[in-house]
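Accompanying notes for the structure given below.
The values are calculated or read from the model by the stated rules, or taken from the named source; none is laboratory data. Please read all numbers here as calculations on a predicted model, not as lab measurements. Counting neighbours? That spans all protein chains shown, and the Cβs are built from the backbone with ideal geometry, glycine included.
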Amino acid sequence: MADTPGTDTKNLANFPEASGKTMSPPGFSKAINGYLTDYVKLADSKAGAIVGLNTLILGLVMAWGENDQGDILIHLFTIAFFVVGAGLAAFVIFPRMPRGGSGVIFWEDIRTYPTVEAYQNKLRSMDDQDVEDSYAYQNFYVSRVLHQKHFYIRWAMIVTVLGVLMAVADYWWL
């Protein structure tokens, strides 16, 4: 969950207001939440693999650096690319700790209820549309987190490929 974004009335004109009807079939927003959660897990797995690959290659590059007779600048850039690539990917995995609200789905929100009974009472007071709305709210923010994760994964992959190219050049000059 993140802070509520500023309202951009120009863009809101593209989205009609709700007509009072139910937003979607019961369970639809929960299914979307499951879909988004799977992609968050996949993004974290990709990032973990990139961290592992970068640290493995970084170890190899540093090991052959002791015998490196080539250009020290190429060697340092090679190391830098793998460190940055691993750092970008690690940032994807690192959990964000947003402020908790009063929602019923996000764990940081749930933990803000003073007792389990207070949380149960909140759940009991909700109708089907309230549940769908809660999932829609959660999905909106999870999609933003997912977008950010994939942005950093993309850059980690680009930096890793550049690091591999630099490692080839570095090895060539041994």
* Which condition number in (1) at pLDDT 95 or above; (2) among the β-branched types (V, I, T); (3) farther than 30 Å from M62 by Cα is the one that I158 fails? -> (3)
* Asked: Residues of segment 156-172 being surrounded by fewer than 17 Cβ atoms within 10 Å (Cβ to Cβ) and among the small types (G, A, S), which ones?
  -> A169
* **R144, sole failed condition from (1) more than 30 Å from A49 (Cβ to Cβ); (2) under 13 Å from the mean Cα position of the chain (by Cα)** => (1)
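Go over the candidates A49, A86 one by one and state the one that is of a type in the set (A, V, I, L, M), under 17 Å from the mean Cα position of the chain (by Cα) and surrounded by fewer than 17 Cβ atoms within 10 Å (Cβ to Cβ).
That would be A49, the only listed residue that is of a type in the set (A, V, I, L, M), under 17 Å from the mean Cα position of the chain (by Cα) and surrounded by fewer than 17 Cβ atoms within 10 Å (Cβ to Cβ).
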* Which one of I79, I72 is within 26 Å of A47 (Cα to Cα), over 22 Å from the mean Cα position of the chain (by Cα) and not small (G, A, S)? -> I79
* Would you mind listing the helices (runs of 4 or more DSSP H) fully within segment 1-104 where at least 3 residues are modelled with pLDDT of 90 or more and either touching a Leu at 6+ places or on another chain (Cβ under 9 Å) or of a type in the set (A, V, I, L, M, F, W, C) (or both)? => 28-65, 72-93
* In segment 120-138, what count of residues is obtained for those that are under 13 Å from F106 (Cα atoms) and not in a helix (DSSP H, G or I)? -> 0
* Go through (1) over 30 Å from I57 (Cβ atoms); (2) under 15 Å from the mean Cα position of the chain (by Cα); (3) without any contact (Cβ under 8 Å) to a residue 40 or more places away in the chain one by one and return the number of the condition N139 breaks. => (3)
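Specify which of the listed residues (I153, I110) is over 18 Å from the mean Cα position of the chain (by Cα) and either surrounded by 12 or more Cβ atoms within 10 Å (Cβ to Cβ) or touching a residue at least 24 places away in the same chain (Cβ under 8 Å) (or both).
Only one candidate qualifies: I110.
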